[in-house]
Number of protein chains: 2
Amino acid sequence: MADAHAPERPLANGQTRIDFQTEPSRYRHWKLQIDGDVATLLLDVDEKGALFEGYELKLNSYDLGVDIELADAIERLRFEHPQVRVVVLRSAKPRVFCAGANIRMLAGASHAHKVNFCKFTNETRNGLEDLSAHSGLQTICAINGTAAGGGYELALAADHIMLVDDGSSAVSLPELPLLAVLPGTGGLTRVSDKRKVRRDHADFFCTTEEGVKGKRAVEWRLVDEVVPGSKFEQAVTARAQEFAAKSQRGEAAPGIRLMPLARTFSADGIAYDLVSVEFDRAGRVATITLRGPSAPPPASADAMQALGAEFWPLKLARELDDAILNIRLNEFDVAAIVFKSSGGPDDVMAYEHFLDDNKDHWLSREIRHFWKRVLKRVDLTSRSLVTLIEPGSCFAGTLAELAFASDRSYMFLGQREGDNKPPATLMLAAANFGPYPMANGLTRLGSRFLADATVLERAKAAQGVTLDAERAQELGLVTFALDDIDWDDEVRVFLEERASFSPDALTGLEANLRFAGPETMESKIFARLTAWQNWIFQRPNAVGEDGALRRYGTGQKPVFDTRRV
Amino acid sequence: MADAHAPERPLANGQTRIDFQTEPSRYRHWKLQIDGDVATLLLDVDEKGALFEGYELKLNSYDLGVDIELADAIERLRFEHPQVRVVVLRSAKPRVFCAGANIRMLAGASHAHKVNFCKFTNETRNGLEDLSAHSGLQTICAINGTAAGGGYELALAADHIMLVDDGSSAVSLPELPLLAVLPGTGGLTRVSDKRKVRRDHADFFCTTEEGVKGKRAVEWRLVDEVVPGSKFEQAVTARAQEFAAKSQRGEAAPGIRLMPLARTFSADGIAYDLVSVEFDRAGRVATITLRGPSAPPPASADAMQALGAEFWPLKLARELDDAILNIRLNEFDVAAIVFKSSGGPDDVMAYEHFLDDNKDHWLSREIRHFWKRVLKRVDLTSRSLVTLIEPGSCFAGTLAELAFASDRSYMFLGQREGDNKPPATLMLAAANFGPYPMANGLTRLGSRFLADATVLERAKAAQGVTLDAERAQELGLVTFALDDIDWDDEVRVFLEERASFSPDALTGLEANLRFAGPETMESKIFARLTAWQNWIFQRPNAVGEDGALRRYGTGQKPVFDTRRV
């Protein structure tokens, strides 16, 4: 195995962890320009700005560091620039839009990094599509040169793809012929399911290094239009105006600032304002504790807007998102994530009602969408997830979704000896029945109760009711209800058992059991496409010493095991 | 990599290839008993009857050889026993139903064999479900002891699962805790999507070596009923009668005999009566040529029945199926399969009309279903597929589906110099618009023309029309139309290019591009589940020297790389 037991590659500049927090003034690779209701995201990758040591980011190729900036810019468009109706994705470099994921980075990355890098970039592209589908912000990709591999996959996430018609500019997915891997950042799925390219055309396109350009690119549905170079700027401007006119977005209100998160990293954890992460390194467990609100909701939507990033639901979601990403990409040895909470369920419910009452306000909407994406990130996190619903916890509404996103939940029955906290409760809200669909298009409870719609109806009828452990179990909302006598042992045994299993087998198991029922284009990207890509990322034909990924650029041809599997 | 460049393991008894042809008198592991409208499939594995050298089939565990018999028995139920309404799957061994796929077999099998073994066993289980869904033959699984892993997965393919309630008999999926692999023969998908077991229950069940028994097995939807040992026989009989009464099946007519296929294997090919396979070993290409009918269709359904297995559409399908399976499991070095045909398109169309005219006859129905399954097998065959539509070919109706199942098709434009055959034609029939859905639930043309329903309508309107290459290309039915000047070079370059690419990358690419659009439970088994399983089948935690699959039964614990991916 290329990376079996190999250490992770060193980060550049002596850094010790990958940081997901950034802001426009610190971007090295993207520029976010706002001009009225049109934003431009300009890709201008700094070759020397690689995340890891050992490669340069030539030709607007990217690594995770580049994509962290893109993800950040998209969040800022949502929250800081509610007036923007259209975003144009462009390159600042001549004759190249983007050469895709950096090959030297991929060739030298551990398997765990490769897989989690692709997962994050997929989430970012899904986020762009969500921005269009649910926040009305239209996206245009204006390709002024080569859009190869991940470069074209980024374009595929846009609503409208424009390609300059200059006899050489082309879109291509050369992964297979050049590198013996797949266009795995959604490429194959978006070609077949979003662009609906005919399968034989797709077969030709994906096996042709140089890609497709000009009229054929339009005829085969690979791009929406080709425009002569002399008219390209004018056409991009016109298209941006046209899409802006069609957009449902465009708030007169100013945005809110996404302030940097207050965080303290220590050897054994991360302390945020509302979230804490504790690592039990021997046990390979990370415990994430979420704190309920310490104040009632603001008096009005204006007051919410004035609170901005300090508004409890938004702050909590941002901190949780950062915590999850930290574990995913910096803490590969964590086998299980335990979710806990502390606070008052009624206080949490007050915020649920506040968000529901203001559901037409742009900021409430964006906060719900943000939570939706964070919860999807949880679903896709390849660690065993367990929620412990204990006395003093506040798993209500949105927070209860964490229990439903978990592989199992344990609820404390009665009181703990020597602890006068009242027994644990669970509480359902409207948030559990609509605004947070999973990638498969169902709510977590809908997915949980696929077998019997009446069970889902019973849960719906229990909204707002304080559910003790017995009632929560009757309703099928928790896996096990345990009293003080059994709690510690059962939870300990579960976590020890989880740490004893093969991490890979758990990854595969959880990737299957978490996604019962229908598949969507989004879920297909993480299932059919990603799972096959991960398989290929293990195969000597790609990652072996003589494989295509390792030999690319060396002048030596790869040597393939010719057996078909 | 455990098996990189490793030779395939030797077959038992000095055999040189895996043979998919068998018949009840030769079965070593199954007994097919018919009693009126109830059939019993009795599993009684011969420990000494393993397909490969080096392991014994203890505890009713199975290898591909056992499953080839099961697949054969199911076909015989369809064609030879049309009066049967119910089949009961049982074990002839006390206290064990089936221990699943043989672990020593798996541990020593090449990756290519493991993957193709699982694919075949999945197809067999899907065939059981198709038998129930489309031929009305109800299936009951009566579990008299342990049904572990693949044993329980076989049960999951049945309509009704009965478990003896004796305090020890249990169903289990112990793959993860014991072997660090997945229940990959549909197990996870059927637990979540067919049985609709709640995800946290499924998580518990799939991580618990000993499985679940008794009342909990029913409550968790893992089985349909548990019955005390003393009443088990009686209950099985009663349930069989009850399901027989509900069945739509039950022909008074006698069945037809599925006679052994006439085949001649040579170093460079396989010659059947209607199908020939030629291997170009240097080019890594297998060419499968299908011959059209040499006589008009029979005068009546009775005459068809009298022809039995000699009836052209059935004989052709059986030979094609056998050819495909031979290539899949005996010819791993084949990169591409070329489909050709010879004969008269009008002669083929005469059979299309005959089958349509007799579509309510049980045998016509079974033949259409058989073709449906063979074509699905083609879709799932991980070799590049190309159809060459040349002068003298007869790609009409059902045979045209091979062109639509292919990754690309090339159609000859005009005549070949020095050849007086008339130009190639393609002809569509009702068969291209309904009876042969892919695993994703769509017809191949529906999947091909996802982008635009009007294009599908245009194709529908062209049924029965003789389409030359230009017209076929206009309708989007072929990839490229080439004349005599370009044909040989273009086809040669395509096949050489295909052989030059990474076989693994092609496997992943084709598994994505062939399945645009929706997913079904069936397609999820081959996508989400199988792709993850194949990934795990590459991971040292499972297949490495210290991995769980290798160490099982040695008394040594596996050693895991603890990093989560």
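The values are calculated or read from the model by the stated rules, or taken from the named source; none is laboratory data. Just so it is clear, the model here is predicted, and its values are computed rather than measured. Note that each Cβ is placed from the backbone with ideal geometry, even for glycine, and that neighbours are counted across all protein chains shown. Ligands, DNA and RNA are excluded from the accessible area calculation, which covers all protein heavy atoms including side chains. Shrake-Rupley method; radii C 1.70, N 1.55, O 1.52, S 1.80 Å.
Yes/no per residue for (1) open to solvent by less than 10 Å² (accessible area, probe 1.4 Å); (2) away from chain B (no Cβ under 14 Å); (3) over 23 Å from A:Arg104 (Cα atoms):
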| position | (1), (2), (3) |
| --- | --- |
| A:Gly150 | yes, yes, no |
| A:Glu153 | yes, no, no |
| A:Asp166 | no, yes, yes |
| A:Pro177 | no, no, no |
| A:Val181 | yes, no, no |
| A:Gly184 | yes, no, no |
Exercise. On the given criteria, is B:Gly555 assigned to a loop (DSSP other than H, G, I, E, B), over 30 Å from B:Ala157 (Cα atoms) and more than 9 Å from chain A (Cβ to nearest Cβ)?
Worked result: yes
Exercise. Of the residues that make up the stretch B:486-502, is at least one farther than 30 Å from B:Ala282 by Cβ and open to solvent by less than 70 Å² (accessible area, probe 1.4 Å)?
Worked result: no
Exercise. Hey, does the stretch A:389-409 have a residue that's within 14 Å of chain B (Cβ to nearest Cβ), open to solvent by 10 Å² or more (accessible area, probe 1.4 Å) and either of a type in the set (A, V, I, L, M) or over 24 Å from the mean Cα position of the chain (by Cα) (or both)?
Worked result: no
Problem set entry | Residue list for the stretch B:326-341, restricted to those being open to solvent by less than 30 Å² (accessible area, probe 1.4 Å) and either away from every other protein chain (no Cβ under 14 Å) or touching a strand residue (DSSP E or B) at 6+ places or on another chain (Cβ under 7 Å) (or both) | B:Asn326, B:Ile327, B:Glu331, B:Val334, B:Ala335, B:Ala336, B:Ile337, B:Val338, B:Phe339, B:Ser341
Exercise. Would you call A:Gly418 assigned to a loop (DSSP other than H, G, I, E, B) and more than 14 Å from chain B (Cβ to nearest Cβ)?
Worked result: yes
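If the requirement is being within 15 Å of A:Leu59 (Cβ to Cβ) and more than 14 Å from chain B (Cβ to nearest Cβ), which of these qualifies: A:Ala133, A:Ala157, A:Ala142, A:Ala101?
One residue alone meets the criteria, A:Ala101.
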For this session: For the stretch B:354-379, name all the residues that are in contact (Cβ under 8 Å) with a residue 12 or more places away in the chain, out of contact with any His (no Cβ under 9 Å at 6 or more places or on another chain) and open to solvent by 30 Å² or more (accessible area, probe 1.4 Å).
Result: B:Asp356, B:Asn358, B:His361, B:Arg373, B:Lys376, B:Arg377
Seminar exercise, completed: Filtering the stretch A:170-179 down to residues that are outside any loop (DSSP other than H, G, I, E, B), touching a residue at least 40 places away in the same chain (Cβ under 8 Å) and hydrophobic (A, V, I, L, M, F, W, C) yields A:Val171, A:Leu178, A:Leu179
Problem set entry | Residue count, the stretch A:139-167 (criterion: under 24 Å from A:Val84 (Cβ atoms) and either outside any strand (DSSP E or B) or of a type in the set (S, T, N, Q) (or both)) | 10
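Being over 30 Å from A:Glu497 (Cα atoms), open to solvent by 30 Å² or more (accessible area, probe 1.4 Å) and touching a helix residue (DSSP H, G or I) at 6+ places or on another chain (Cβ under 9 Å) is the requirement here; does B:Asp273 meet it?
Judged against the criteria, B:Asp273 is a match.
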Problem set entry | Whichever residue in the stretch A:186-196 is in a loop (DSSP other than H, G, I, E, B) and more than 7 Å from chain B (Cβ to nearest Cβ) and, among such residues, is least open to solvent (accessible area, probe 1.4 Å) | A:Gly186
Exercise. Looking at (1) in contact (Cβ under 8 Å) with a residue 12 or more places away in the chain; (2) part of a helix (DSSP H, G or I), which is the one condition that is false for A:Leu182?
Worked result: (2)
Problem set entry | Residue check, A:Thr520 under 28 Å from the mean Cα position of the chain (by Cα) and within 30 Å of A:Tyr351 (Cβ to Cβ) | yes
Exercise. Of all residues in the stretch A:318-345, which are within 13 Å of the chain's Cα centre (by Cα) and within 14 Å of A:Ser384 (Cα to Cα)?
Worked result: A:Ile324, A:Arg328
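Could you look through the stretch B:298-313, keep only residues that are of a type outside the set (Gly, Ala, Ser) and surrounded by fewer than 22 Cβ atoms within 10 Å (Cβ to Cβ), and pick out the one that is farthest from B:Pro82 (Cα to Cα)?
If we take residues in the stretch B:298-313 being of a type outside the set (Gly, Ala, Ser) and surrounded by fewer than 22 Cβ atoms within 10 Å (Cβ to Cβ), then B:Pro298 is farthest from B:Pro82 (Cα to Cα).
What number of residues within the stretch B:505-538 satisfy the criterion of being without any contact (Cβ under 8 Å) to a residue 60 or more places away in the chain and touching an Asp or Glu at 6+ places or on another chain (Cβ under 8 Å)? Spell out how you get there, then give the answer.
Our first condition is that a residue be without any contact (Cβ under 8 Å) to a residue 60 or more places away in the chain; within the stretch B:505-538, this holds for B:505, B:508-509, B:512, B:527, B:531, B:535.
Those left that are additionally touching an Asp or Glu at 6+ places or on another chain (Cβ under 8 Å): B:505, B:509, B:527, B:535.
Here the count works out to 4.
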Problem set entry | Residues being part of a helix (DSSP H, G or I), open to solvent by 40 Å² or more (accessible area, probe 1.4 Å) and within 13 Å of chain A (Cβ to nearest Cβ) - total across the stretch B:197-217 | 2
For this session: Sort out for me the strands (runs of 3 or more DSSP E) sitting completely within the stretch B:237-294 that have 3 or more residues that are in contact (Cβ under 8 Å) with a residue 40 or more places away in the chain.
Result: B:275-280, B:285-291
Exercise. What number of residues within the stretch B:534-546 are more than 9 Å from every other protein chain (Cβ to nearest Cβ) and crowded, with 22+ Cβ neighbours inside 10 Å?
Worked result: 1
Problem set entry | In the stretch A:443-468, the residues that are open to solvent by less than 10 Å² (accessible area, probe 1.4 Å) and over 23 Å from A:Lys372 (Cα atoms) | A:Leu467
Exercise. Quick check, is A:Arg318 closer than 24 Å to A:Lys119 by Cβ, out of contact with any Asp or Glu (no Cβ under 7 Å at 6 or more places or on another chain), open to solvent by 10 Å² or more (accessible area, probe 1.4 Å) and touching a residue at least 40 places away in the same chain (Cβ under 8 Å)?
Worked result: yes
Exercise. Would a scan of the stretch B:86-101 turn up a residue that is open to solvent by less than 20 Å² (accessible area, probe 1.4 Å) and within 16 Å of the chain's Cα centre (by Cα)?
Worked result: no
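For B:Leu549, indicate whether it is under 30 Å from B:Arg416 (Cβ atoms) and crowded, with 16+ Cβ neighbours inside 10 Å. Don't jump to the end; show me each part of the working.
Values: under 30 Å from B:Arg416 (Cβ atoms): no; crowded, with 16+ Cβ neighbours inside 10 Å: yes.
Spelling it out, it is not the case that B:Leu549 is under 30 Å from B:Arg416 (Cβ atoms) and crowded, with 16+ Cβ neighbours inside 10 Å.
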Problem set entry | Residues of the stretch A:447-458 satisfying the condition of being within 12 Å of chain B (Cβ to nearest Cβ) and either touching a His at 6+ places or on another chain (Cβ under 6 Å) or closer than 29 Å to A:Arg365 by Cα (or both) | A:Ser447, A:Arg448, A:Phe449, A:Leu450, A:Ala453, A:Val455, A:Leu456
For this session: Can you confirm whether the stretch B:391-406 contains a residue that is without any contact (Cβ under 8 Å) to a residue 40 or more places away in the chain and outside any helix (DSSP H, G or I)?
Result: yes
